[in-house]
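Read-outs throughout are calculated quantities, based only on the coordinates presented, and are distinct from any laboratory measurement. Just so it is clear, the model here is predicted, and its values are computed rather than measured. Every residue, glycine among them, receives a Cβ derived from its backbone with ideal geometry; neighbour counts consider all protein chains shown.
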Amino acid sequence: MAQKDLVKKCPECQGINLSWNRDKGEISCKDCGLVIEDKMVDFTQEWREFDSEDGESRRRTGAPMTYTQFDQGLGTEVGQKGDLFKLEGKERNKFFRLRKWQYRISTAIERNLKLALAELIRVSSYLKLPRSVEEEAARIYTLAVQRGLVRGRSMESVVAGALYAACRRHDVPRTLDELSEASGIEKKEIGRTYRFVTRELGITILPSNPADYIARFASALKLSAETQSKSVEILERAQKSELTSGRGPTGIAAAALYVAALMHGEKRTQREVADVAGVTEVTIRNRYKELLDELELEKEIKKTKKRKK
């Protein structure tokens, strides 16, 4: 609602013949001449853009702040694009020297961040992580550098630990094995660094929910939506029976998916399920037996087999 609409009539003569001067920001009564408002603010759009170039020339703000750049995106660059080549002689050489000095980052923290954040973006791209996770991981790494937690540890391991912490905080299921493959750091080292960084920075992370892995595993195994829904239902029953506590989320999720696939006649071998989940066949077999015994699922599997016959 425009601010003009809030003023219905003149408080002096009760007239409704009002005039709004947009340039001065005033509302006055045409009948008695009383200035009703003298500091009106126009909240409507100041300008419109019809193409990207038109919009860029009129905007007064730059790109938003981001932790994925060492200067959080607030720095400026000398001689963007081909601007330097428009200059001649000494002027061009002068700006080339300025640009060279700009690239020589002064502090050790900035140098570390420039290298580490490039590695972080590379690993994030390899794992196909969303922008929100990438931003959170960059924030965690920046805090770790500022607190001096990177000393004595490889930059790559801290980057991988920050990415794993960000994945856990945003409920994006990625295993330590996947991070190890993407970063080239051993799984144990990533886990050790992850625990150290989260403890020192006071980051609270809840245990992984096995149901978060179901969609990815089901897609990789090409299972139906019915099987996927059934596996989630099995996991909910397992959580009520406290079967998930103290067990790896990927193993219990894979076992629930294996049982659901058997129920719906979509047979997958334990080897196939283990390869997708990144666990061993022994783990699948053990979790599978626990689910059958505790939840009495063997009867349901037999019933579904009889129906299909």
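Within the listed set LEU87, LEU179, LEU206, the residue fluctuating most in the Gaussian network model of the chain (springs between alpha-carbon atoms under 10 angstrom) is LEU87. The residue list HIS170, GLN146, ALA182 was ranked by how far each Cα lies along the charge dipole of the stretch 108-201 toward its positive end, using unit charges on Cβ atoms, and GLN146 comes out on top. Rg and Dmax of the chain, based on Cα coordinates, read 30.7, 93 Å.
Two tests apply to each whole DSSP H helix in the chain, Cα reach of 20 Å or more along its axis and mean Kyte-Doolittle hydropathy of at least 0.0, and the ones passing both are 108-127, 155-169, 249-263. Per-peptide packing, taken as the mean over residues of other Cβ atoms within 10 Å, places 263-273, 221-231 in the sequence 221-231, 263-273 from highest down.
Between ILE205 and GLU294, the C-beta separation translates, for a Förster distance of 22 Å, into a calculated FRET efficiency of about 0.20.
Expressed as a fraction of 2.2 N^0.38 Å, the value expected for a compact globular protein of N residues, the C-alpha radius of gyration of the stretch 210-308 is 0.95. The slack in the chain from LYS24 to ALA215, taken as 0.36 nm per residue of separation less the alpha-carbon distance, amounts to 62.8 nm. Cross-link pairs exceeding 23 Å in C-alpha to C-alpha distance, out of LYS128/LYS267; LYS8/LYS39; LYS187/LYS222, comprise LYS128/LYS267; LYS187/LYS222. Sequence-distant contacts, meaning Cα pairs under 8 Å at least 6 residues apart, place the relative contact order of the stretch 108-201 at 31 percent.
When its C-alpha radius of gyration is set against 2.2 N^0.38 Å (N residues), the stretch 108-201 gives a value of 0.94. Between ARG139, ARG22, ARG131, which gets the highest mean-square fluctuation from a Gaussian network model of the chain, Cα cutoff 10 Å? Maximum among the listed residues: ARG22.
Expressed as a whole number of Å, what is the distance separating the alpha-carbon centroids of the stretch 119-159 and the stretch 208-224? Their Cα centres are 26 Å away from one another.
Entry note, the stretch 174-267: relative contact order of 26 percent, from Cα contacts under 8 Å with a spacing of 6+ residues. The region of the chain that goes longest without hitting one of the chymotrypsin sites (Phe, Trp or Tyr not before Pro) in a DSSP loop, each with at most 14 other Cβ atoms within 10 Å, is 51-309.
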